[in-house]
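First comes the structure, then the notes that go with it.
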Amino acid sequence: MRKTLISTVTAIALGATLALPAVAEPTPEDAAKYRQYVMRALSGHFGALTMTARGLAGDPANMRIHSAALVTLAAEAGPAFAAAGGAPVEDTEALPAIWEDADGFAAAVDEFAAAAAALDAAIASGDSDAVAAAHRDTGAACKGCHEDYRLDD
Ligand code: ASC
């Protein structure tokens with residue numbers, strides 16, 4: 001009896017859990033917030049890597065933490081913008097060109113991903129000239145994409 005009661009209570013509780021209202025439909029604002037997190041993560045790693053490369057902070061032995069993160073995050077930069085609901089949202093810096101010129105944007109993201117991979121490889125090689133060149137290229141890829149696809153760049 002007691003056992004039955006407990007399992008009934010459990011069943012009801014589980015049923016109630018399953019019957020909870022579905023999470024609200026994702027909005028364009030959710031998509032915008034997500035891509036801003038991804039871009040901020042990229043910016044944070046590039047900034048930390050830059051400080052380390054300049055000898056201002058961070059252990060040079062750990063620089064690949066940041067370059068590897070850039071490579072990983074670069075793979076999400078395109079999808080973050082292409083995601084369902086991807087569209088301009090008021091009060092963000094994402095220009096409509098991201099979606100109107102989707103091929104151009106994809107090419108710019110690919111360029112960044114390639115630059116990040118080259119930067120990671122250069123850091124792994126330990127060749128400081130190669131790191132400096134790859135760092136410049138990566139910054140240029142950030143800037144190039146921002147010029148065309150981000151407000152005020
Ligand atoms: C950064 C950062 C960017 C890029 C860009 C490079 O550290 O947050 O968006 O570098 O400024 O030109």
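The Glu90 and Ile65 beta-carbon pair, evaluated with R₀ = 41 Å, returns a calculated FRET efficiency of approximately 0.70. Only alpha carbons enter this Debye calculation for the stretch 50-153, each as an equal point scatterer, and the log10 of I(q)/I(0) it gives at q = 0.13, 0.19, 0.21, 0.24 Å⁻¹ is -0.52, -0.93, -1.04, -1.22.
Just to check, using Stokes-Einstein with a Kirkwood Rh over alpha carbon pairs, what's the diffusion coefficient of the stretch 64-119 at 20 °C and 1.002 mPa s in µm²/s?
Numbers: Rh = 12.1 Å.
Stokes-Einstein gives a translational diffusion coefficient of 177 µm²/s.
Using the Karplus relation 6.51 cos²θ - 1.76 cosθ + 1.60 with θ = phi - 60°, the per-residue 3J(HN,Hα) values for the stretch 129-136 come to 5, 5, 5, 4, 5, 5, 5, 4 Hz, with x marking Gly and Pro. The orientation-averaged projection of the convex hull spanning the C-alpha atoms of the stretch 21-108 amounts to 7.6 square nanometres. Applying 1/(1 + (r/R0)^6) with R0 = 22 Å to the Cβ-Cβ distance of Glu100 and Asp30 gives a FRET efficiency near 0.55. What separates the Cα centres of the stretch 59-106 and the stretch 113-153 is a distance of 14 Å.
Taking 0.36 nm per residue of sequence separation and removing the Cα-Cα distance, the Asp110/Val23 pair yields an extension gain of 28.0 nm.
Values in this text are rule-based calculations from the coordinates and carry no lab data. As the structure is a computational prediction, the values presented were derived from the model and not from experiment. All Cβ positions, glycine included, derive from the backbone under ideal geometry; neighbour counts span all protein chains shown.
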